[in-house]
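**Student:** Before anything else, here's the structure in question.
The numbers here are math on the coordinates, done by the rules we state, and not lab data. From a predicted model like this one, the values you see are computed outputs, not experimental measurements. Cβ placement follows ideal geometry from the backbone for every residue including glycine, while neighbour counts extend to all protein chains displayed.
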Amino acid sequence: MSGDLSTNFWKWEFRCPCPKCKRIKVRVSSLLLFKLEMVRMTFDDKPVIVLSGNRCPEENKRGKAY
Ligand SMILES: [Zn+2]
């Protein structure tokens, strides 16, 4: 296992990008991680880029697409 959440995924990928959330612990569902790994396998083990994992309500209101 190379990621800190699953084989290919890291906590930092799911972090809310706003400065307020920097210290908040990232929690990601193990079912979601399992499904993401399945998606990766389906596409020849190519990287799956997480554009947005966690977003606090404020960050959500800003409506940015990362
Ligand atoms: Zn935030």
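**Student:** How high is the relative contact order of the chain, in percent, with contacts defined as C-alpha pairs under 8 Å that are six or more residues apart?
**Tutor:** Over the chain, the number comes to 35 percent.
**Student:** Select from SER2, THR42, VAL26 the residue farthest towards the positive end of the dipole of the chain; place +1 on Cβ of Lys and Arg, -1 on Cβ of Asp and Glu, and compute about the Cα centre.
**Tutor:** Looking along the dipole axis, the top candidate is VAL26.
**Student:** State, to one decimal in nm², a quarter of the convex hull surface area for the C-alpha atoms of the chain, i.e. the direction-averaged projected area.
**Tutor:** 4.9 nm²
**Student:** Quick one: putting +1 on the C-beta of Lys and Arg, -1 on the C-beta of Asp and Glu, what dipole do you get for the chain around its Cα centre, in Debye to the nearest 20?
**Tutor:** Result for the chain is approximately 500 debye, rounded to the nearest 20.
**Student:** Before rounding to the nearest 500, sum -39500 (n - 2.57) across all DSSP H runs of length at least 4 in the chain and divide by the residue total; then give [θ] at 222 nm in deg cm²/dmol.
**Tutor:** -8500 deg cm²/dmol
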